[in-house]
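The values are calculated or read from the model by the stated rules, or taken from the named source; none is laboratory data. Everything numeric here is computed off the predicted structure, so don't read it as measured data. Neighbour counts run over all protein chains shown; Cβ positions are idealised from the backbone, glycine included.
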Amino acid sequence: MDRISALVSLLAALALISCGSNSTKQDPTDKLLEESFKGKWGYIDRDGNMVIEPQFKNAGEFSEGLARIQIERKHGYIDKSGKMAIEPQYDFADDFSEGLAPVEVASKWGYIDKTGKMVIKPKFEQAKKFSDGLANVEIGGKWGYIDKNGDLVIKPQYDVIGEFSEGLARVVIDGKCAYIDKMNIIVIKPRFHHAWPFSEGLAAVEVDQEWGYIDKSGQFIIKPQFVAADQFSEGVACVLVRSLLGVRWGYVDRRGNMVLEPQFRWAATFSEGLAVVKIGDKYGFMNRSGDAVIKPQYAEAGQFSEGLARVGLDRK
């Protein structure tokens, strides 16, 4: 399977997983990268300068001043100087969000604060980041939501759920994706094969193998027409279309107008004004005009967050 086919499959899987089973112990993209990429991860600034040398087996984006890293088989956190802020000690871990991060210890998940203190003791089969004040957790094979005290606010009852975003969360009911509010009321009925979280007022959903975008009333704002679609960020969304070049990624605005023509074999959402693109067999960063501002030179790359981006270099 080539990278494009793999990415289309991954996007669909991610949409279902994040709507869903949360069966992976890490973010699915990180797990995929960890398994397929055998080099080392470091961090660059917006000028392309390597500010934290490649040394980590796996690495996450900076969030709230810290980034999750992996050394050997354990996960910890570094600050922006590259100094270890929380020593690698967890079997798995996720990024900080709203002051807390989920970590796994002895097959149970809990939450730490930025000092490394365990503030919600490990008791969950799986756990995800806080978003909109709630976090999805698994208990007894079912998923529900807790608050920052660790108290259940929506009892575990779903096989598949996603994080809350802009007041709504995706759940799977009878094999279809729906959206609930924080009172556990279904506000958009189950009718989508796959779905992403709401972002900038719209959510990417898939119906009959085509992706489009809905608003919070469940009405299509951009009709289903894409092979795959990502979330809106900074006013545009990355979509996969069939073109004269084959299957390529481009960018649409909120009206569905193509603002960057489909031309990329791989591309990602914009973050802090830049987006990861693949040209040839290397990854670099482009601006909103489509100009390469950091030339493709990396074996792998992640988006910019808090002024830094993770990049992977092959082992020499």
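Within the stretch 243-282, restricting attention to residues that are within 17 Å of V311 (Cβ to Cβ) and among the basic types (K, R), which residue is surrounded by the most Cβ atoms within 10 Å (Cβ to Cβ)? Going through the qualifying residues, I end up with K278. Looking across the stretch 181-205, the residues that are surrounded by 23 or more Cβ atoms within 10 Å (Cβ to Cβ) and either assigned to a loop (DSSP other than H, G, I, E, B) or out of contact with any Phe, Trp or Tyr (no Cβ under 6 Å at 6 or more places or on another chain) (or both) come down to F192, H194, A195, W196, F198.
Give me the residue from the stretch 206-242 that is among the β-branched types (V, I, T) and within 26 Å of I186 (Cβ to Cβ) and, out of that set, surrounded by the fewest Cβ atoms within 10 Å (Cβ to Cβ). Per the criteria, the residue is I221. If you filter the stretch 74-99 down to residues that are in a loop (DSSP other than H, G, I, E, B) and surrounded by 15 or more Cβ atoms within 10 Å (Cβ to Cβ), you find that the one that is farthest from the chain's Cα centre (by Cα) is G82. Among residues of the stretch 267-291 that are under 16 Å from A237 (Cβ atoms), those with a beta-carbon under 6 Å from a residue that is of a type in the set (D, E, K, R) at least six positions away or on a different chain give the pairs T269/D230; F270/E234. Selection within the stretch 132-172: residues that are in contact with a helix residue (DSSP H, G or I) (Cβ under 9 Å, 6 or more places away or on another chain) and either more than 23 Å from G99 (Cβ to Cβ) or modelled with pLDDT under 95 (or both). The member of this set that is surrounded by the fewest Cβ atoms within 10 Å (Cβ to Cβ) is V160.
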